[in-house]
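Contents: one structure, followed by commentary.
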Amino acid sequence: MNKQDLIRNFAIIAHVDHGKSTLSDRFLEITKTIAKDKLQEQFLDQNIISRRRGITIKLAPVRMNYTLDANNYMLNLIDTPGHVDFSYEVSRTLAACEGAVLLVDATQGIQAQTVAHYQVAKKLGLTMIPVLNKIDMPNAQVEVVTKELVDFGFNKEEILFISAKTGENVEKLLQEIIKKVPSPRGIERSQLRALIFDAVYDEYRGVIAYVRVMDGKVKKGDKIQFYQNGVNTETTEVGVFTPFLKETEELETGEIGYIVGGIKDIRQCRVGDTITISNIKDQKSKITPLPGYKTPQPMVFFGVYPKDANDFAHLRDSLGKLTLNDTALTYTEEYSAYLGSGFRVGFLGLLHADIVKERLKQEFDLDLLLTMPQVLYEKRSEEEIYEPYMLLNAYAPSAYVGNVMAVCQKKKGNLIDMKYHEGYAVLSYEMPYSMFIRGLAGEIKSVTAGFGSIDYELSDYKKADLVKLDILINTNPIDVLSELVYKDEAVYVARAKALKLKESLDRQQFRQIIQATVNNNIVAREEIPPFRKDVLAKMSGGDRTRKDKLLESQKKGKKKMIQTGKVSLSQQALFSMITEK
Ligand SMILES: Nc1nc2c(ncn2[C@@H]2O[C@H](COP(=O)(O)OP(=O)(O)OP(=O)(O)O)[C@@H](O)[C@H]2O)c(=O)[nH]1
Ligand SMILES: [Mg+2]
C-alpha cells in the first residue's frame with residue numbers, strides 16, 4: 001500500500017450549532033489524540049472568544065491516527081465555523097480536503113448554511129457523508145429530517161444517525177469516512193505544490209502557513225517560493241497539528257500541516273497561494289499554481305472611534321495587530337468634527353464586528369464607539385446605488401406566522417416560499433441585507449415571544465432607492481448622524497431622529513433648533529428653548545463643601561461637552577443617538 005492510501009483529509013461542515021466541534025471531540029477521544037481527562041468540551045475551539053461564546057470562529061485542523069483492518073490510517077480533520085460571517089473559512093477548508101461530513105441537527109433540519117456549504121463541497125467534487133446529529137434529544141425529528149436529506153439528493157441508506165454528545169454511532173462514522181472518502185492522489189515525485197489554506201502570525205516564529213501538500217514534499221531548510229508574489233525564503237520549521245503545532249521531519253504528499261518560513265509580513269503569505277520550491281528554471285511555466293480563493297468581501301462598515309481622543313494612536317496600532325491574524329478586517333482613517341479621528345472599519349458581518357469590538361476592548365483595553373453602520377453599497381453611476389440582498393429564512397411556531405410576515409414586509413421582504421413542519425413554519429424571503437443593521441433579528445425575536453429565529457445567505461445586488469438624511473443643530477450638520485435611508489421611509493426616520501435628539505439634548509443658554517433634511521430639504525424640525533441651569537437651586541441653606549462639590553461636578557460635566565461652532569453636544573447625548581440603533 002502506498003503511503004497516500006492511508007491518508008484521509010476531511011472536514012466537518014454544518015449550520016451554526018449543529019454539533020461540529022462536539023463531534024470533533026468524540027473523534028479526538030476515539031483516536032486517543034487527546035486523553036479523555038484532558039478533553040474540554042469543543043476542544044478545537046482554542047481561542048478565548050470561541051470558548052466564552054461557545055461558537056467556532058476559526059477553522060481548526062488536527063491530525064489523528066486510527067487502525068482499521070490492521071491498517072494504520074492518518075486522519076486529517078478540519079473543524080469549521082458554522083456562522084455565515086465565517087463561511088469563507090469553510091470554502092478554504094474544503095479546497096484542502098477530499099471529503100466532508102455534512103452534519104445536520106435532527107432537531108433543526110437543513111438550514112441556510114447547510115445548503116451553502118453543501119453547494120461549495122459539491123462544486124469542488126468532495127465526497128460527502130450525510131449525518132443526522134443529536135438523535136439523543138427528545139425533540140429530534142429523525143424521520144422529517146431524513147426526508148429533507150433525501151429530497152436534497154442523498155440516499156436514505158447512506159445517512160448515518162449519531163449523537164455527538166453521547167458518542168452513539170460515532171466510531172461507525174469514523175470508519176465510514178475511511179471507507180468512503182478517497183485518499184489523496186498527489187504526485188510524489190513531482191515538485192512541491194502546497195496550498196495555503198490559512199495563515200497566522202506568531203510573535204516568535206513569524207508567519208505560519210497552514211498547508212495541504214498536493215504534490216511533492218517539503219522539509220526544514222528547503223528553499224521555497226510563494227508563487228503569486230514570487231517571495232523566496234527558506235523553511236525554518238515544518239510540522240503537523242496535534243492540534244497544537246508539533247514539528248516533524250517533513251511533510252509528504254497528501255498531508256496537511258504547517259510551514260514556517262522566516263516571513264514577518266503576513267501579506268506576503270496569501271491564503272490561497274501555492275508554495276513551490278525556489279530556483280526551478282522557468283518556474284512560471286513549469287509549475288501550475290493551484291486554484292486559489294476569492295478574498296472575502298467586507299459586508300458591513302462601521303465608524304470606529306476611541307471614546308478618549310488620546311487613544312487614537314493606540315487604536316491604530318491595535319487594528320494593525322488584529323489584521324495580522326484577521327485578514328478579512330479592513331480599515332481606513334476617517335474624521336468626524338464631533339468624534340475626532342477614527343477609522344471606517346469593514347467587517348464580514350455583525351458577528352464579526354462584535355467579536356472585533358470585544359477583542360479591542362479585552363486585549364487592547366480600548367473603550368470604543370461604533371457609529372453609522374452601513375452595508376457595502378455599489379455605486380454603478382451617479383444616480384444608481386445597488387445594495388446587497390439576502391435569502392432569509394425565518395423559523396417560527398405556526399401561531400406567530402402572521403407577526404413574522406408583518407415584520408418581513410415592513411423590512412422590504414419579498415416572500416418566496418413558506419413551508420409548515422409539525423407546528424413550525426419556515427418562511428423564505430428575499431430582503432435587503434441592510435435590514436440586519438436595522439434591527440431585523442431583534443424584531444423577529446420580539447414578535448415571536450423569543451421563539452423565532454432567522455438565518456440567511458447573501459444572494460445578489462439590486463438597485464436601491466436611497467436618499468441622504470442629515471441632522472442639523474442651529475444649521476450646523478452633525479456629521480456622525482448622517483446616513484443613507486430608503487426614500488419611502490425617509491420622512492418617518494427623519495422625524496423620529498429629530499424627536500429623539502430633542503429628548504437626549506440638554507437645554508442650553510441659547511435656543512437649539514434641530515432640523516432633519518432629506519436631499520437638503522427640511523422634513524422635520526424640533527426646538528429646545530434656552531434654559532439656565534442652576535445646580536444649586538434645589539439646595540436650601542448652605543453646606544459649603546457640598547455646594548463646591550456640585551459646582552465642581554457641573555464643571556466636569558461641561559468638560560465632556562463637544563463644542564463645534566455654535567453647537568454644543570454632550571458626549572452622552574451623542575453616544576445615545578449613535579449606539580441605540
Ligand atoms: N443533546 C445533544 N447536544 C449536542 C449534540 N451535539 C452537539 N450538541 C450541543 O449543541 C451545542 C452546539 O454544539 P457545537 O459542537 O459547539 O456546535 P458547532 O456546530 O461546532 O457550532 P459552531 O462551530 O459555532 O457553528 C452544544 O451545546 C453541544 O453540547 C448531540 O448529539 N446531542
Ligand atoms: Mg464549532
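The values are calculated or read from the model by the stated rules, or taken from the named source; none is laboratory data. Just so it is clear, the model here is predicted, and its values are computed rather than measured. Here Cβ is always computed from backbone atoms with ideal geometry, including for glycine, and neighbour counts include all displayed protein chains.
Of everything in the stretch 1-19 that's closer than 12 Å to LEU75 by Cα and away from ligand 1 (no atom under 13 Å from the Cβ), which residue is nearest to the chain's Cα centre (by Cα)?
Taking the stretch 1-19 first, the residues closer than 12 Å to LEU75 by Cα are 4-11.
When the remaining residues are screened for being away from ligand 1 (no atom under 13 Å from the Cβ), the result is 4-10.
Values: GLN4: 35, ASP5: 36, LEU6: 35, ILE7: 31, ARG8: 28, ASN9: 25, PHE10: 22 Å.
Across the stretch 1-19, the extreme among qualifying residues is PHE10.
Only one of THR22, THR56 is in contact (Cβ under 8 Å) with a residue 40 or more places away in the chain and either within 12 Å of ligand 1 (Cβ to nearest atom) or under 24 Å from LEU351 (Cα atoms) (or both); which?
After applying the criteria, what remains is THR22.
Going by what's in this entry, would GLU41 be described as of a type in the set (Asp, Glu) and either assigned to a helix (DSSP H, G or I) or away from ligand 1 (no atom under 13 Å from the Cβ) (or both)? I'd like the intermediate steps shown before the answer.
Details: of a type in the set (Asp, Glu): yes; either assigned to a helix (DSSP H, G or I) or away from ligand 1 (no atom under 13 Å from the Cβ) (or both): no.
No, not satisfied.
Run down LEU324, LEU369, LEU351 and say which single residue is in a strand (DSSP E or B), in contact (Cβ under 8 Å) with a residue 60 or more places away in the chain and surrounded by 14 or more Cβ atoms within 10 Å (Cβ to Cβ).
Going through LEU324, LEU369, LEU351 in turn, just one is in a strand (DSSP E or B), in contact (Cβ under 8 Å) with a residue 60 or more places away in the chain and surrounded by 14 or more Cβ atoms within 10 Å (Cβ to Cβ): LEU369.
Across the stretch 154-196, what is the number of residues that are in a loop (DSSP other than H, G, I, E, B), of a type outside the set (D, E, K, R) and within 16 Å of ligand 1 (Cβ to nearest atom)?
Taking the stretch 154-196 first, the residues in a loop (DSSP other than H, G, I, E, B) are 154-155, 159, 162-169, 181-192.
Still in the running and of a type outside the set (D, E, K, R): 154-155, 159, 162-164, 166-167, 169, 181-184, 186-187, 190-192.
Next cut, within 16 Å of ligand 1 (Cβ to nearest atom) only: 159, 162-164, 166-167, 169.
Adding up the residues that qualify gives 7.
Name the pairs whose Cβ atoms lie under 7 Å apart, with the first residue in the stretch 119-139 and farther than 14 Å from LEU102 by Cβ and within 16 Å of ligand 2 (Cβ to nearest atom), the second not β-branched (Val, Ile, Thr) and not in a loop (DSSP other than H, G, I, E, B), and 6 or more positions between them or separate chains?
Between residues of the stretch 119-139 that are farther than 14 Å from LEU102 by Cβ and within 16 Å of ligand 2 (Cβ to nearest atom) and residues that are not β-branched (Val, Ile, Thr) and not in a loop (DSSP other than H, G, I, E, B), the close pairs are LYS134/ASP105.
Test LYS412 against the stated conditions and say whether it is surrounded by 15 or more Cβ atoms within 10 Å (Cβ to Cβ) and under 26 Å from TYR377 (Cα atoms).
Numbers: surrounded by 15 or more Cβ atoms within 10 Å (Cβ to Cβ): yes; under 26 Å from TYR377 (Cα atoms): yes.
Criteria met by LYS412.
Enumerate the pairs (first residue in the stretch 501-518 and under 12 Å from ILE473 (Cβ atoms) and touching a residue at least 12 places away in the same chain (Cβ under 8 Å); second residue anywhere and part of a loop (DSSP other than H, G, I, E, B) and not acidic (Asp, Glu)) with beta-carbon separation below 6 Å, excluding pairs fewer than 6 apart on the same chain, so at least 6 apart or on different chains.
Partner pairs satisfying both residue conditions: PHE510/PRO530; ARG511/PRO530; ILE513/ASN474.
What is the number of the single condition among (1) in contact (Cβ under 8 Å) with a residue 60 or more places away in the chain; (2) in a loop (DSSP other than H, G, I, E, B); (3) in contact with a Ser or Thr (Cβ under 8 Å, 6 or more places away or on another chain) that PHE302 does not meet?
Single failed check for PHE302: (2).
All but one of (1) part of a helix (DSSP H, G or I); (2) in contact with a helix residue (DSSP H, G or I) (Cβ under 7 Å, 6 or more places away or on another chain) hold for TYR420; state the number of the condition that does not hold.
Condition not satisfied by TYR420: (1).
Matching residues to (1) of a type in the set (Asp, Glu); (2) modelled with pLDDT under 95; (3) surrounded by 22 or more Cβ atoms within 10 Å (Cβ to Cβ):
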| position | (1), (2), (3) |
| --- | --- |
| VAL200 | no, yes, no |
| THR235 | no, no, no |
| LEU251 | no, no, yes |
| GLY257 | no, no, yes |
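Consider the stretch 45-62. How many of its residues are closer than 13 Å to ASP25 by Cα and either in a helix (DSSP H, G or I) or away from ligand 2 (no atom under 12 Å from the Cβ) (or both)?
Going through the stretch 45-62 one residue at a time, the tally reaches 2.
Return the residues of the stretch 470-493 that are under 29 Å from the mean Cα position of the chain (by Cα), touching a residue at least 40 places away in the same chain (Cβ under 8 Å) and outside any helix (DSSP H, G or I); say none if nothing qualifies.
SER482, GLU483, LEU484, TYR486, listed by residue number.
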